Ligand code: IPD
């Protein structure tokens, strides 16, 4: 399979998995467990959706590796790894807010974000009826339209961000918001980093920043932004919680300057 075929497979699986997530939500999700904090809710649907994705990949790409939020890592033999968040935005999902997504990236090389190279990505937001796709070298797409990040922000940047679920990190994250607001027109905290990054790719946001994201939260979204002409990087401000920044080239530079000038905070 070439990158285009892998992208088509990612999109097909994301669509199917998104439909399962949406159906389970409509049937009424049952809260299954808690993770690091009370707010970090994992639902039965989360696990079931990852299971579906994993099984489809086992059948269609048995040699590839897998890195998923719920079931962890499995080394492959092909050099490709699928990086999967079955439901990104689980709190929205649990509360019945439509901004949740299935995020699927296929990457090449060592399965670590600093080392891998993106191949293709799909982010399905079934609660919004939207699917974003990208193939490296071929561009990013939504509804048949090729995506491009915003390059001009004459009235200031519309920025997205997110906060970790651990209350101990909130003061530091809020201090960062205060600094970044100097370049902002306004700020959105939508609750799914994969959707935030898709929106940067689509020009619905000018930039995005968040500390402490996991690889499956941003793997697909980062590919979308890059394929839409934007820039993405992860700054190791405080090692356990690197800061992801993304945006059109100008906003990316502004975010980088502001954020890398501040290494204080949790
Ligand atoms: C979360 C979402 C959220 C972000 C959190 C992530 P999850 O992912 O992406 O927007 O602010 O940091 O953990 O837990 O819902 O898959």
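Consider the stretch 170-187 and keep the residues that are within 20 Å of the chain's Cα centre (by Cα) and surrounded by fewer than 19 Cβ atoms within 10 Å (Cβ to Cβ). The one that is farthest from residue 225 (Cα to Cα) is 177.
Taking residue 174 as the residue in question, decide whether it is more than 9 Å from the ligand (Cβ to nearest atom) and touching a strand residue (DSSP E or B) at 6+ places or on another chain (Cβ under 7 Å). It would help to see each step written out before you state the result.
Values: more than 9 Å from the ligand (Cβ to nearest atom): yes; touching a strand residue (DSSP E or B) at 6+ places or on another chain (Cβ under 7 Å): no.
Spelling it out, it is not the case that residue 174 is more than 9 Å from the ligand (Cβ to nearest atom) and touching a strand residue (DSSP E or B) at 6+ places or on another chain (Cβ under 7 Å).
Identify the single condition in (1) in a helix (DSSP H, G or I); (2) over 21 Å from residue 98 (Cβ atoms); (3) free of Cβ contacts under 8 Å to residues at least 40 places away in the same chain; (4) touching a strand residue (DSSP E or B) at 6+ places or on another chain (Cβ under 9 Å) that residue 169 does not satisfy, given that it satisfies every other one. Only one criterion is unmet by residue 169, namely (3). Please go through the stretch 203-215 and give me each residue that is surrounded by fewer than 24 Cβ atoms within 10 Å (Cβ to Cβ) and more than 11 Å from the ligand (Cβ to nearest atom), ordered by number. Of everything in the stretch 203-215, those that are surrounded by fewer than 24 Cβ atoms within 10 Å (Cβ to Cβ) and more than 11 Å from the ligand (Cβ to nearest atom) turn out to be 203, 204, 215.
Yes or no: residue 148 more than 16 Å from the ligand (Cβ to nearest atom), touching a residue at least 40 places away in the same chain (Cβ under 8 Å) and either closer than 23 Å to residue 130 by Cβ or within 20 Å of the chain's Cα centre (by Cα) (or both)? Don't jump to the end; show me each part of the working.
Numbers: more than 16 Å from the ligand (Cβ to nearest atom): yes; touching a residue at least 40 places away in the same chain (Cβ under 8 Å): yes; either closer than 23 Å to residue 130 by Cβ or within 20 Å of the chain's Cα centre (by Cα) (or both): yes.
It is true that residue 148 is more than 16 Å from the ligand (Cβ to nearest atom), touching a residue at least 40 places away in the same chain (Cβ under 8 Å) and either closer than 23 Å to residue 130 by Cβ or within 20 Å of the chain's Cα centre (by Cα) (or both).
Residue 227 fails exactly one of the following numbered conditions: (1) in contact with a strand residue (DSSP E or B) (Cβ under 6 Å, 6 or more places away or on another chain); (2) at pLDDT 95 or above; (3) within 18 Å of residue 256 (Cβ to Cβ). What is the number of that condition? Every condition holds for residue 227 apart from (3). For residue 200, the conditions (1) away from the ligand (no atom under 13 Å from the Cβ); (2) assigned to a helix (DSSP H, G or I); (3) more than 15 Å from residue 131 (Cα to Cα) are fulfilled apart from (3).
The values are calculated or read from the model by the stated rules, or taken from the named source; none is laboratory data. Being a predicted model, the structure only gives us computed values, none of them experimental. FYI the Cβ positions are ideal-geometry reconstructions off the backbone, even for glycines, and counts take in every protein chain you see.
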